[in-house]
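Undergrad: Pasting a structure here, questions to come.
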Amino acid sequence: MQAVILAAGKSSRFYPFTNYSHKSLIKVAGKPLIVHTILSLRKAGIYEMIIVVGEESKIPSVVKSENLDVSIKFVVQKEPLGMGNAVLLAREHIKGDFLLLNAHHVDVDLFFNDLMGIKDGADAVLLSEEREDAWKYGVLQVEGQKVLDLVEKPKKQDLSSHLCVVGVYLFSKMFIDTLAKIPSEHYQLETAISKFAKIRTVLMIKAKQKTITLKYPWDALLVKNYLLNNLKSHISSKAKVAKSAEIIGNVYIDNGATIMEGACIKGPSYVGKNAVVGTKAIIRNGVDVEQDCVIGATIEIKNSLLQDGTTTHSGFIGDSVIGRKCKIAAAFETANVRIDRKTIGVLVADEKIDSGLNSLGVIMGDEVRVGIRVSIMPGVVIGQNATIGPSTTVSRNIKEKVTYYTKFQEVVEEKRE
């Protein structure tokens, strides 16, 4: 069995992390997501993979730097022409039945045996789940387990079911012949599945648990939680942990990390290589601090993901995703809950998107610099290389390379005679 991993899209909805060349390069527990996906495939017993990447992608060099003990061929998709085109580019390397999946499916091993369990007599098996907002996805029309049709993003009023495909497919090689006959366009794959279901036997299974999605940057928090919940406790012999530090629950402390006096780390959490957790800092409820990060004294961080090389001082960071090499000064506060406790909306490409989350802090791109005493309202997105001046409250998105600050009026105090 081979797996074809799709990792060539533009990931435009994953702003402000679009500079990562692909969203699957965001790191969790010390490894890019695509590496976790490869490890998940290996756990499922798949050791031969084809990865479709974009032009000038960093994925090949990243994957080759890991000792993964699998066979991988890389195929370059020069233009973002959709998943169907990506599969056709990989065609010459596909030998027989193959598993097709997106690069962020770090949980694929949970579903592979179920897919294989009904493969006999079927020409394709699709993994699916019920979704309330099904009109945003590819919706299946089924009769029992047999797929009759796949309709991509139907109108809300035309919904015939809430059963959606989730980006994991098991195909026989003959599916490629059908795919090749479909005109090249963004939804070529979905159109081919629709046609294939009418001429061959296509089955579906419902996922027994919620599958991983990575459409928007805040989805990285859910991926993080899945991976941290499956991470075994470990304190490296090369880490330095003060005697007065508290390590509670499942916590992984990597090589070279330093945990200073009075720090409290509650699992599930990960502290990366050469990271520093300062005196009396509190890390709780699923925090991932990646390589070379510095977590300042007395800060509290809750359910957040911090990428390589970011430094913080005092304050509170909650339910946030923070990019690489950000420098955050003292008394930094992220508001992560609305006063009315409603779900938090995020402005993405001029469209207000309901995150579906009651708790969401800041989404901060790489190399952002933040002055002292800055507060940020829930769901704010900050572009890479932005600068935020001191004593500023940020209530709206900030684009990349923008300097955003509060202009103060000087107060002159004169003593009367």
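Undergrad: Can you name the residue in region 319-346 that is more than 13 Å from Gln307 (Cα to Cα) and polar (S, T, N, Q) and is also surrounded by the fewest Cβ atoms within 10 Å (Cβ to Cβ) among such residues?
TA: Among those that are more than 13 Å from Gln307 (Cα to Cα) and polar (S, T, N, Q), it is Thr343.
Undergrad: If you don't mind, there's one more thing I want to ask. Checking the conditions here, which among Phe171, Phe196 is farther than 30 Å from Arg284 by Cα, more than 29 Å from the chain's Cα centre (by Cα) and aromatic (Phe, Trp, Tyr)?
TA: Phe196
Undergrad: Testing Glu351 on (1) at pLDDT 95 or above; (2) more than 24 Å from Val28 (Cα to Cα); (3) surrounded by fewer than 20 Cβ atoms within 10 Å (Cβ to Cβ), one condition comes back false. Which one is that?
TA: Going through (1) at pLDDT 95 or above; (2) more than 24 Å from Val28 (Cα to Cα); (3) surrounded by fewer than 20 Cβ atoms within 10 Å (Cβ to Cβ) one by one, Glu351 breaks only (1).
Undergrad: Residues that are closer than 26 Å to Lys43 by Cα and without any contact (Cβ under 8 Å) to a residue 60 or more places away in the chain, at least 2 per element: which strands (runs of 3 or more DSSP E) completely within region 107-219 meet that?
TA: Counting at least 2 such residues, we get 163-171.
Undergrad: Next question. Restricting region 1-17 to residues that are touching a helix residue (DSSP H, G or I) at 6+ places or on another chain (Cβ under 7 Å) and either in a helix (DSSP H, G or I) or of a type in the set (Val, Ile, Thr) (or both), which is modelled with the lowest pLDDT?
TA: By that ranking, first place goes to Ser12.
Results for (1) out of contact with any strand residue (DSSP E or B) (no Cβ under 8 Å at 6 or more places or on another chain); (2) among the small types (Gly, Ala, Ser); (3) modelled with pLDDT of 95 or more; (4) not in a strand (DSSP E or B), shown as yes or no for each residue.
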site	(1), (2), (3), (4)
Asn19	yes, no, no, yes
Ile34	no, no, yes, yes
Val53	no, no, yes, no
Asn67	yes, no, no, yes
Pro80	no, no, no, yes
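Undergrad: Applying the selection to region 271-307, what residues are more than 24 Å from Phe17 (Cα to Cα), in a loop (DSSP other than H, G, I, E, B) and of a type in the set (D, E, K, R)?
TA: Lys280
Undergrad: Pairs only if they're at least six apart or on different chains, beta carbon under 7 angstrom, first in region 88-106 and small (Gly, Ala, Ser), second assigned to a helix (DSSP H, G or I); list them, first residue then second.
TA: Sorted first by the residue in region 88-106, then by its partner, the pairs are Ala103/Ser24; Ala103/Leu33; Ala103/Ile34; Ala103/Thr37.
For every residue, the table says whether it meets (1) in a strand (DSSP E or B); (2) within 23 Å of Lys215 (Cβ to Cβ).
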| residue | (1), (2) |
| --- | --- |
| Val346 | yes, yes |
| Lys352 | yes, yes |
| Leu357 | no, yes |
| Gly361 | no, yes |
| Glu367 | no, no |
| Ile372 | no, no |
| Gly379 | no, yes |
| Asn385 | no, no |
| Ser391 | no, no |
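Undergrad: How about region 237-270: which of its residues are part of a loop (DSSP other than H, G, I, E, B), surrounded by 14 or more Cβ atoms within 10 Å (Cβ to Cβ) and polar (S, T, N, Q)?
TA: If the condition is that a residue be part of a loop (DSSP other than H, G, I, E, B), surrounded by 14 or more Cβ atoms within 10 Å (Cβ to Cβ) and polar (S, T, N, Q), then Asn250 is the only one that fits.
Residue by residue, here is whether (1) crowded, with 19+ Cβ neighbours inside 10 Å; (2) touching a residue at least 12 places away in the same chain (Cβ under 8 Å); (3) not aromatic (Phe, Trp, Tyr) holds:
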position	(1), (2), (3)
Gln2	yes, yes, yes
Ile5	yes, yes, yes
Tyr15	yes, yes, no
Ile26	yes, yes, yes
Leu33	yes, yes, yes
Ser40	yes, yes, yes
Lys43	no, yes, yes
Val52	yes, yes, yes
Glu55	no, yes, yes
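Undergrad: While we're here: Quick test of your reading of the structure: Lys415 fulfils all but one of (1) assigned by TED's automatic domain parsing to the domain that holds Gly318; (2) of a type in the set (Lys, Arg); (3) modelled with pLDDT under 95. Name the failing condition by number.
TA: Single failed check for Lys415: (1).
Undergrad: State whether the residues of region 398-416 include one that is buried (at least 20 other Cβ atoms within 10 Å of the Cβ) and under 30 Å from Lys136 (Cα atoms).
TA: Yes, some residue in region 398-416 is buried (at least 20 other Cβ atoms within 10 Å of the Cβ) and under 30 Å from Lys136 (Cα atoms).
Undergrad: Filter region 189-225 for residues that are closer than 21 Å to Lys27 by Cβ and of a type in the set (D, E, K, R) and give the result.
TA: Lys215, Asp219, Lys224
Undergrad: From the list Lys136, Lys156, pick out the single residue that is in contact with a Lys or Arg (Cβ under 7 Å, 6 or more places away or on another chain), of a type in the set (D, E, K, R) and assigned by TED's automatic domain parsing to the domain that holds Ala197.
TA: So the residue among Lys136, Lys156 that is in contact with a Lys or Arg (Cβ under 7 Å, 6 or more places away or on another chain), of a type in the set (D, E, K, R) and assigned by TED's automatic domain parsing to the domain that holds Ala197 is Lys136.
The values are calculated or read from the model by the stated rules, or taken from the named source; none is laboratory data. Here the structure is a predicted model, which means the values were calculated and not measured. For neighbour counting, all protein chains shown are included, and Cβ atoms are generated from backbone atoms with ideal geometry for every residue, glycine included.
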